[in-house]
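Here's the structure, in structure tokens; my notes come after.
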Amino acid sequence: MNKHEMHPESLMMSHGYKPELSEGSIKCPIFQTSTFVFKTAEEGKAFFEVAYGLREKDEHEELGLIYSRLNNPDLEILENRLCLWDKAEDCAVFESGMSAISTVLMEFLKPGDLLLYSNPIYGGTDHFIKQVLTKFGIHVVGFKTGQSEAEIQQIIDNSGHGDRLAMIYVETPANPTNDLIDLDSCRKLAERNSRGEEKVLLAVDNTYLGPLWQHPLQHGADLVMYSATKYIGGHSDVIAGACLGSAELMKRVKALRTFFGNMAGPWTGWLLMRSLETLKVRMDQQARNAREIARFLETHPAVERIYYLGSIPEDDERNQEIFKRQCLSPGAMLSFDLKGGEKNAFKFLNKLRLIRLAVSLGSTESLAQHPASMTHAGVDPELRQELGITDKLVRLSVGVEHYDDLISDLKQALDSLS
């Protein structure tokens, strides 16, 4: 008889946790401690040998608890559970999404290397790539959504550093325009530009669709990253990030995390474990709400254009094909252009009552913001215009409220513009 394979949403309640080790507590306690006691000096030596890579773990050996900068029960159980959604071998959780992104980029790039990245990307990532990595002698070059594989290869070749391409960094769907990047095509580019043992890595920021609606590792990505603040946390009460991938690559990520000291603490780990229990329920409701809101926005005269994965035009065969192959849902993020530019965009945002005017996304409450002057204010103005991040663009993160109430709030704010 075949053993039934549990769904991730069922395993979120118990996977990786043994109540008998914590006085029978049904929920994992918060292990608010900096250090852990060894039973013997020999045990301490064995733990450190594995932790510092002096030897490999034995087949059935578990890395013992040493110090919360290295490992902590809350963190380890959380990382084990996050692996289930993406079917990853290992996971590292950080104190912020930018901690995860910056640690990955600093670990796998060195002076002289070339980083190829997609546009648009989150404003903080854009700043780190252009203003920080370049200080360390790392060359960076971007490509835009919609460019063909041949066109992107030409960008690599024309950079003058194509022979040192080390990583392709992609954010898809892109923040805030929902532009799609073909991950299979990026995988081919990575393989074509690899040199023997020097493999070009493909790293993907999957924050916009979260761990439910897209699985980049299954489309050739080597590493997938999240701002766990968003859907994974989902309650606007914790800042965190995560990176997942193969055991080999994650060993390097975790090693640098140890020395950067940017691992998540026990409170963060505990809060995220709590949130994982309702992740699918929340995200399913958010996606349902987003579909209803998109239908409404498409008919309102004040809305010029909508950017939503469930509204890709039928004649846009490229994006239709990528969406069907790569995405499991249109998600709960949408943006739209308002007639009247920044003046009407601000008036609309100021009129909202139920929907909150705030940055971030993926939380239980619906949030609206103005990317050009807020999250993407640091992006070069000319590039912003090229990418469609204009003064008339508003971004909406759809929450779990009743969609009738959300539509009512949107309607009264939009009606005020006329």
Using θ = phi - 60° and Karplus 6.51 cos²θ - 1.76 cosθ + 1.60, couplings along the stretch 347-359 (whole Hz; Gly, Pro as x)
4, 4, 4, 6, 8, 5, 10, 7, 6, 8, 8, 6, 7
Read phi for every residue in the stretch 236-243 and hand back ³J(HN,Hα) as whole Hz from Karplus 6.51 cos²θ - 1.76 cosθ + 1.60, θ = phi - 60°, with x for Gly and Pro.
6, 10, 8, 9, 6, x, 8, 9
Phi angles of the stretch 324-340, converted by Karplus (6.51 cos²θ - 1.76 cosθ + 1.60, θ = phi - 60°) into ³J(HN,Hα) in whole Hz with x for Gly and Pro, give 5, 7, 10, 10, 9, 6, x, x, 10, 10, 8, 10, 7, 8, 9, 5, x
Calculate, for SER185 and THR40, the FRET efficiency according to 1/(1 + (r/R0)^6) with r their C-beta to C-beta distance and R0 60 Å; round to the nearest 0.05.
0.65
Extended-chain gain in nm, criterion 0.36 nm per residue less alpha-carbon gap, LYS110 and GLU298:
63.0 nm
Suppose every Lys and Arg Cβ carries +1 and every Asp and Glu Cβ carries -1, with no other charges. What dipole size does the stretch 118-222 come out with about its Cα centre, to the nearest 20 debye?
240
In the stretch 97-118, whose amide N lies under 13 Å from the spot 7 Å out along Cα-to-Cβ of HIS127? List them in ranges.
98-99
At 222 nm, what value in deg cm²/dmol follows for the chain if DSSP H runs of at least 4 each add -39500 (n - 2.57) and the sum is divided by all its residues, to the nearest 500?
-11000 deg cm²/dmol
Remind me, relative contact order of the chain in percent, using alpha carbon pairs under 8 angstrom and six or more residues apart?
16
Arranged from highest to lowest average of other beta-carbon atoms within 10 Å per residue, in what order do the peptides 272-281, 345-354, 32-41 appear?
272-281, 345-354, 32-41
Calculate the length of the line joining the C-alpha centroid of the stretch 345-418 to that of the stretch 209-251, in whole Å.
25
Treating only Lys and Arg (+1) and Asp and Glu (-1) as charged, each at its beta carbon, one finds that the stretch 272-356 has a dipole about its Cα centre, in Debye to the nearest 20, of 560
What nm distance separates the two modelled labels at ARG274 and LYS339, each placed 7 Å from Cα along Cα→Cβ?
4.7
Connecting every pair of Cα atoms under 10 Å apart in the chain and solving the GNM, the largest mean-square fluctuation among GLY162, GLY341, GLY123 falls on GLY341
Give, in nm to one decimal, the length gained when the segment between LYS324 and ASP58 is fully stretched (0.36 nm per residue of separation minus the Cα-Cα distance).
91.5 nm
Once you list every other residue whose beta carbon is under 15 Å from the beta carbon of TYR17, what net charge do they have if Lys and Arg are +1 and Asp and Glu are -1?
-3
For each of ILE181, ILE156, count neighbouring Cβ atoms within 10 Å of the residue's Cβ, then give the residues from fewest to most.
ILE156, ILE181
Between GLU198 and SER246, the two model label points (7 Å from Cα along the beta-carbon direction) sit apart by a distance in nm of 1.8
Going 7 Å from the Cα of LYS347 in the Cα-to-Cβ direction, what parts of the stretch 288-321 have a backbone nitrogen less than 13 Å from that spot?
302-303
If you build the convex hull over the alpha carbons only and average its shadow over all orientations, what do you get for the chain? Give it in nm² to one decimal.
23.1
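Every read-out reported here was derived from the displayed coordinates using simple, explicitly stated rules and does not represent laboratory data. These numbers come from a predicted model, not from an experiment. Reconstructed Cβ throughout: ideal geometry from the backbone, glycine too, with neighbour counts over all protein chains shown.
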